[in-house]
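Quick note: the coordinates plus some simple rules give every number you see, no bench work behind them. Only a predicted model underlies this, so the values are computations on that prediction, with no experimental measurement involved. Reconstructed Cβ throughout: ideal geometry from the backbone, glycine too, with neighbour counts over all protein chains shown.
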2 protein chains.
Amino acid sequence: MSAMDTSDLPVAVDAMGGDFAPAAVVEGARLAADAGVRVLLVGRPDELGDTGGLEVLPASEVVEMGAEPASSVRRLKDSSIVRAAEAVRDGRAKALLSAGNTGAAMAASLLRMGRIKGVARPAIAVPFPVFGSTPTTLLDCGANAECQPEWLVQFARLGVVYNRARWRVEHPRVAVLTIGEEAGKGNDLVKATCELMAGVDWDAAGAQYVGNLEGRDLMAGLADVVVCDGFTGNVVLKSLEGLMAVARTQIEAALRSTPEVAATASVVDPVLAPVFATLDAGQTGAAMLLGTRGVCMISHGSSSAKTIAHAIRTASEMADEDVVGSLRAAIEAVA
Amino acid sequence: MSAMDTSDLPVAVDAMGGDFAPAAVVEGARLAADAGVRVLLVGRPDELGDTGGLEVLPASEVVEMGAEPASSVRRLKDSSIVRAAEAVRDGRAKALLSAGNTGAAMAASLLRMGRIKGVARPAIAVPFPVFGSTPTTLLDCGANAECQPEWLVQFARLGVVYNRARWRVEHPRVAVLTIGEEAGKGNDLVKATCELMAGVDWDAAGAQYVGNLEGRDLMAGLADVVVCDGFTGNVVLKSLEGLMAVARTQIEAALRSTPEVAATASVVDPVLAPVFATLDAGQTGAAMLLGTRGVCMISHGSSSAKTIAHAIRTASEMADEDVVGSLRAAIEAVA
């Protein structure tokens, strides 16, 4: 899947996954195609509406958003997410993008594409926005609720490779998420992880270890790759999403609360829009599952067509960069 | 400490604790005194500046912000935080307020006031703002990095009593913080906790158990008391603080980025101020350590004088409400 030239292959898009699927997904796919990315829509052909002539891989079943991932993927063999993962496995597509059930996208990728040799557990890598700089990648954001210290060290290695491929950060700074800046603060997992991290030759991995990082510094640009267990990462991700949603709703309501302030909209809204766009990047920027033998990109369930299009482009780029090959090489180097 | 009338007793204020101590703390204490709360300043008399005639309990040592809590408290017997905790223990003060080293405030309270009988571990309860409603109390926000399921159930019991005392919520809704709405989602601790929670007679505790809650709903008003381990709670708290700081900085900069938009300030700033004030409540609202035999209130290190004054008033109210007595009764009822 990795060494060959993938630029002519399409991105397999799970057309049935997402809160506004298939409409928003198809629209996003069309936008991506307009931007020059080849797309393979996977789903129920008669439900896709006007695909604008995009290729379609028929799949008769759908894994619903709330469904139990592993059993659904095993049972629904003709589901859009399973067929999309198979398209990558079979060399028919270079990457997978889904805005549907995250657990199902993960399970389908694991079961159909398989794991990179030497990877203990794949992890979900999510970019957190940093103003004036490249994002900070937090992983794991939900693939593994329980983690071993060794896995977190490996997540760091995967994150370093990803950061370099995606944002051209040559020597990513690596940190462990914890509850105090001093060494020795944290829970048992963090303490054990920090000991292991300190013994790694990060220079050989083209990275530098900057120690502990507190939640408050997650968006301060103090590290490029931050590792934590999947429970903590997911809770942080969702909590920040929740705060942003509340903050934005309240700010927008306040800015319409009197005729006088509403009259400033034409001046105020344009300067606030880019701020909100950046802050929302954690929600709208696609996450990538690192550790599978193919690119699996995951978009937020509530993604708009524009967000989907962006995620498809990113998935395409990650495939063309051969990020899976680089991940494999990094893991092999320390096997 | 609990059954007697405390209204005439002062709140012992750690004058030396906090990023802007003692100046901001003394100013906050004076504001609280102006509002009718009796205050006992604890610290180095010659460093306190103009105390406006407030009572002072001399203490010659200071536990620094970054110091290791337990050993510092053991070693610095004449530190302001230790003397303040002793004042509560000795019935000389009705409550303690510190904006200093949180771990030291916790350790001093535990060692000097002691634990309520039957409480496995005290927990830090932090109010998260909910627009249009009373806050949601998250605990533990950092007292215990590693937790047992039984402790989380007890945290919920403590939180219920606290919620009722502080915000007059008659039948608090109780939830467990996790990473999916469905039962069975979460890490091992959460799964075990949910099983225990489901078996509790919450009706008898004057509460209702509403199941799991995701991070994104923490500020949505779906529960009054949410429990998690202290590592997760602290990471969430700090992450939200970090996002709010970044968001506010960027929004305020954007609103000054051109002369045209800066000219709207007189109209825009007044409507945004209350929104920011509410969103910052998680940072500025005092946290309470639940489970010690005396009221220990903890303010953010960066607290302003106004925030300190508010925290002192809250500490005073919690003492006058005999929240410690209510907590003891709730734990005794199920012993």
Would you check the protein assembly as shown for Lys pairs whose C-alpha atoms are within less than 23 Å, ignoring same-chain pairs closer than 8 in sequence, and give me the count? 13
Treating the protein assembly as shown as a set of equal point scatterers at the Cα positions, no solvent, please give the Debye-formula log₁₀ I(q)/I(0) at q = 0.05 Å⁻¹. -0.25
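Could you tell me the relative contact order of chain A? Use alpha-carbon pairs under 8 Å, at least six residues apart, and round to a whole percent. Numbers along the way, then the final one.
Numbers: 718 pairs, mean separation 85.4, N = 335.
Once divided by the residue count of chain A, the mean separation gives 26 percent.
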For the stretch B:67-83, what does the Karplus curve 6.51 cos²θ - 1.76 cosθ + 1.60, with θ = phi - 60°, yield as ³J(HN,Hα) per residue in whole Hz, taken in order and with x for Gly and Pro? 5, 5, x, 4, 5, 4, 5, 5, 7, 8, 6, 9, 7, 4, 5, 5, 5
Interchain or long-range residues, amide H under 5 Å from A:Leu138's placed H: A:Val126, A:Phe128, A:Val226
Using Cβ counts within 10 Å as a stand-in for footprinting exposure, how do B:His310, A:His300, A:His171 rank, fewest first? A:His171, B:His310, A:His300
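Please tell me the relative contact order of the stretch A:124-286 in percent, rounded to the nearest whole number, where contacts are Cα pairs under 8 Å and at least six residues apart.
Relative contact order, the stretch A:124-286: 33 percent.
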Write down, largest first, the equivalent ellipsoid semi-axes of the stretch B:143-194 in whole Å, where each equals the square root of 5 times an eigenvalue of the alpha-carbon gyration tensor. 23, 14, 8
Distances in nm, one decimal, shortest first, from B:Gly325 to the same residue in every other copy, taking the label point 7 angstrom along Cα→Cβ. 7.5
For the stretch B:30-139, what is the largest minus smallest coordinate of the Cα atoms on each principal axis, given in angstrom and ordered from greatest to least? 43, 35, 29
Let me spell out the model: positive unit charges on the Cβ of Lys and Arg, negative unit charges on the Cβ of Asp and Glu, origin at the Cα centre of the stretch A:1-58. What dipole size does that give, in debye rounded to 20? 60 debye
In whole angstrom, note down how far apart the Cα centers of the stretch B:218-272 and the stretch A:261-321 are. 20 Å
With θ set to phi - 60°, apply the Karplus curve 6.51 cos²θ - 1.76 cosθ + 1.60 along the stretch B:289-302 and write out the HN-Hα couplings as whole Hz, x wherever there is a Gly or Pro. 7, 9, x, 8, 7, x, 7, 10, 9, 10, 9, 4, x, 8
Find, among the residues of chain A, the one whose Cβ sits nearest the axis of the rotation taking A to B; state the distance in whole Å. A:Thr264, 2
DSSP-defined antiparallel bridges as percent of all bridges, the stretch B:124-285, nearest 5: 20 percent
Over chain B: Kirkwood hydrodynamic radius from C-alpha pairwise inverse distances, Å: 20.4 Å
Sorted by chain and then number, the residues having a modelled amide H within less than 5 Å of the amide H of B:Asp322, at least 5 places away or on another chain, are none
If you project the alpha carbons of the stretch A:100-170 onto the principal axes, what extent comes out on each, in Å, largest first? 38, 29, 22
Could you run the Debye sum over the Cα atoms of the stretch B:124-285, one equal point scatterer each and no solvent, and tell me log10 of I(q)/I(0) at q = 0.11 Å⁻¹, two decimals? -0.49
The value for the stretch A:82-130 (convex hull of the alpha-carbon atoms, volume per residue, Å³) is 108 Å³
How much of the DSSP bridge set in chain A is antiparallel, in percent, rounded to the nearest 5? 25 percent
Three principal axis lengths of the stretch A:215-335 [C-alpha, angstrom, descending]: 65, 30, 24
Please figure out what share of the DSSP beta bridges in the protein assembly as shown is antiparallel and state it in percent, rounded to the nearest 5. 25 percent
